[in-house]
Amino acid sequence: MKASSYTCFIVSIFVLLSISSAASYNPVDFDAFLQCLPKHSDHSVSIVGAILTPNNASFRSIYQLRANNLRILSSATSRPVAIITALHPSHAQAAVICAKRHGFQLRIRSGGHDYEGLSYISDVPFVILDMFNLNSIAIDMKTETAWVQAGATTGELYYSIAQKSEVHGFPSGVCTTLGIGGHFSGGGYGFLIRKYGLSIDNVIDAQLIDAKGQILDRKSMGEDVFWAIRGGGTTSFGIILSWRIKLVRVPPRVTVFNVQRTLEQGATELAYRWQQVAPKLPKDLFIRLQPVPINNGGNNKTVRVSFIGHFLGQADGLLRLMNVRFSELGLTRNDCLEMSWVKSSLYWAGFPNGTSIDVLLDRVQVNRVFYKSKSDYYKAVIPKQGLETLWQVLMDIEDIFVQFNPYGGRMEEISESETAFAHRSGNLFIVLYRIQWSQSDGTGRYVEMSRRLYNAMAPYASSNPREAFFNYRDLDVGSNESGETDFEVAKEYGAKYFGNNFMRLAGVKAMVDPENFFKNEQSIPPLPTPPSH
């Protein structure tokens, strides 16, 4: 299995978990909530079959099926009073209106890849709005655009584009089961980031359900709200129904490679050199650095570093470029695989070469693990001593992998204020640290290990604040209680996720959702009104 396949945690494990009920609620309010839903939904598509309560036989399986992180399922979290598996946009509208009216918190889930599970857990009485069935994709090749509903996956989007064109793609995530709704709203990036930026940099319109249950497009929501939902996390402002995206051009053939070196083969020198080279390469070339610890038995441990590349062109052009810009890697023609762009998306997701693109239509990740993730941005090259510190911690922990994804290129050209996504120029790369395990009884120990690694890299990462990527959600950077959104606490995690954009986001929140209906442990609160004198 390729090292890159760890991105989607393709591990053979199946776990059945119980859901404990920690939150109490008034059955009278709940009955009123259930009666409210049909009154506010389109009668042409019945909402009754879309409402799941704990009494439904499929309730537990649907709850667990859409939940990506087994760590969240195994914790003592509360059970939702209902899951609304929306079959029509009006079902989502009704969920807003009725949850607000009858005092239930609303959590919105599309793909279920929320790393801390905030889209499907809460400690106060809540309802899950599951957008998974709203997954249509309408591509217009005349305008080179598409409308993509929130419940569609990245894999479905790639597949749909490939059915229409061999020379179009879209800059989005590597994992093919990501829900478009949440993935885009936090930024969304993949192997086209240096050429075309983030997913949200290629979004030109959207449909959003606000706190009043109204469906708004870019014109009716206004540019401030449209700015906020591109990188600020949509669920603080409403429910994303669909995005309108601008497709991007790709060549008929692209080239991928994966060159691996252990510490004994000079991986430290190469990783040090990669930091200097990768963010400054031409936009057509993206090279991820991915170290993983290897245990060959006993105390015979080492680290293997993978240099995984994607080039928007053919192998001959790639080799000429690498010979000049990164000759130390020793890339050869035998390392290179030429394929269509859509096939390269399979390569990055870890599927074996030759796999049918039909696998992109598999919407649910069945094989899941327990995991804890953290992220960092780096604005300066990590010295060799820092790399050696990282290697040592990796070998101590073992059940971990790390990804370094280079910036530069298009990311340097877009200002931090153009969208709500602030991590732009000045960043050399973003790093994901992930510890994963297969049994629930080790959770506390593994979470502490993740913090140990994070602390060890503190001297080299960004600081004041130490920045983090919103889509790699991490409650350690600051969080509120489920039913509260304290502004001072939110400023702490807001600065790390959104930088200087946080205060503007809070201002937009005050405008579109002043009562703070849409909230979770890391949501954006309304900007407080200054006291009158």
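Residue separation of residue 516 and residue 58 scaled by 0.36 nm, minus their Cα-Cα distance, works out to 161.7 nm of gained length.
Going through (i) 74, 30, 24; (ii) 48, 30, 24; (iii) 37, 25, 23, the figure that equals semi-axes √(5λ) of the Cα gyration tensor in Å as computed for the structure here is (iii).
For region 28-128, the spherically averaged projection of the C-alpha convex hull amounts to 6.0 nm².
Just the protein heavy atoms count here, and of the accessible area of region 135-247 at 1.4 Å, carbon and sulfur take up 45 percent. Beta-bridge orientation, region 105-170: approximately 45 percent antiparallel, per DSSP, counting only bridges with both partners inside. Need one number: nm distance between label points at residue 272 and residue 46, each 7 Å from Cα along Cα→Cβ, rounded to one decimal. Reported label-point gap for residue 272 and residue 46 is 6.9 nm.
Could you report region 125-242's accessible area per residue, 1.4 Å probe, as an integer in Å²?
Values: 3140 Å² over 118 residues.
Solvent-accessible surface per residue comes out at 27 Å².
Anything over 32 Å Cα to Cα? Flag those among 39/142; 246/496; 100/491; 301/491; 283/374; 142/491, in the order listed. Beyond 32 Å: 39/142; 301/491; 142/491. For region 455-511, the set of GluC sites (Glu not before Pro) satisfying both a DSSP loop assignment and a count of at most 16 other C-beta atoms within 10 Å is given as 481, 484.
Determine, from the Cβ-Cβ distance of residue 31 and residue 487 and an R0 of 45 Å, the FRET efficiency 1/(1 + (r/R0)^6), rounded to the nearest 0.05. Calculated transfer efficiency: 0.80. Evaluate the distance, in nm, between pseudo-label points positioned 7 Å from the Cα of residue 138 and of residue 249 along their respective Cα→Cβ axes. Output for this residue pair reads 2.7 nm.
By how many degrees, between 0 and 90 and to the nearest 10, does the Cα long axis of helix 443-456 differ from the longest principal axis of the chain? Taking Cα atoms only, the helix is inclined about 50 degrees. When the alpha carbon gyration tensor of region 243-320 is reduced to an equivalent ellipsoid, the three semi-axes, largest first, read 31, 15, 12 Å. Considering only the Cα atoms of region 35-90, their convex hull presents on average a projected area of 4.5 nm².
Inter-label distance, residue 220 to residue 398: 5.7 nm, where each label sits 7 Å from its Cα along the C-beta direction.
Counting only protein heavy atoms and a probe of 1.4 Å, the accessible surface of region 28-128 is 52% carbon and sulfur. Hey, what angle do you get for helix 315-325 against the long axis of the chain, alpha-carbon based, 0 to 90 degrees rounded to 10? With rounding to tens, the tilt is 70 degrees.
Here the calculated FRET efficiency for residue 464 and residue 443, from their Cβ-Cβ distance with R0 = 41 Å, stands at 0.85, rounded to the nearest 0.05. Of all lysines in the structure, those lying under 21 Å Cα to Cα from residue 280, and not within fewer than 8 positions of it along the same chain, are 195, 379, 384.
Between 0 and 90 degrees, the angle of helix 89-102 with respect to the longest Cα principal axis of the chain falls at about 60 degrees.
For region 347-476, the fraction of 1.4 Å probe accessible surface lying on carbon and sulfur atoms is 47 percent. If you filter region 144-227 for trypsin sites (Lys or Arg not before Pro), then keep DSSP loop positions with at most 15 other Cβ within 10 Å, what is left? Taking region 144-227 and a limit of 15 other Cβ atoms within 10 Å, the loop trypsin sites (Lys or Arg not before Pro) found are 212. The charge dipole of the chain, taken about the Cα centre with unit charges on the Cβ atoms of Lys, Arg (+1) and Asp, Glu (-1), comes to about 860 debye, rounded to the nearest 20. For n ≥ 4 DSSP H runs only, could you compute -39500 (n - 2.57) per run for the chain, divide by its residues and tell me the 222 nm figure to the nearest 500? Estimated from H runs of four or more residues: -8500 deg cm²/dmol.
Among DSSP beta bridges lying fully in the chain, give the percent that are antiparallel, nearest 5. Don't skip to the end; give the middle numbers.
On the way: 61 of 70 bridges.
Antiparallel: roughly 85 percent of the beta bridges in the chain.
Where the only charges are on Cβ atoms (+1 Lys, Arg; -1 Asp, Glu), what is the dipole of region 235-303 about its Cα centre, to the nearest 20 debye?
Working: 10 positive and 3 negative charges, 84 e Å.
In total the dipole reaches around 400 debye.
The values are calculated or read from the model by the stated rules, or taken from the named source; none is laboratory data. The structure presented is a predicted model; accordingly, all values stated were derived computationally and were not measured. Glycine gets a Cβ as well: all are built from the backbone with ideal geometry, and neighbour counts include every protein chain shown. What goes into the accessible areas is simple: the full protein's heavy atoms, side chains included, and nothing from ligands, DNA or RNA. Shrake-Rupley method; radii C 1.70, N 1.55, O 1.52, S 1.80 Å.
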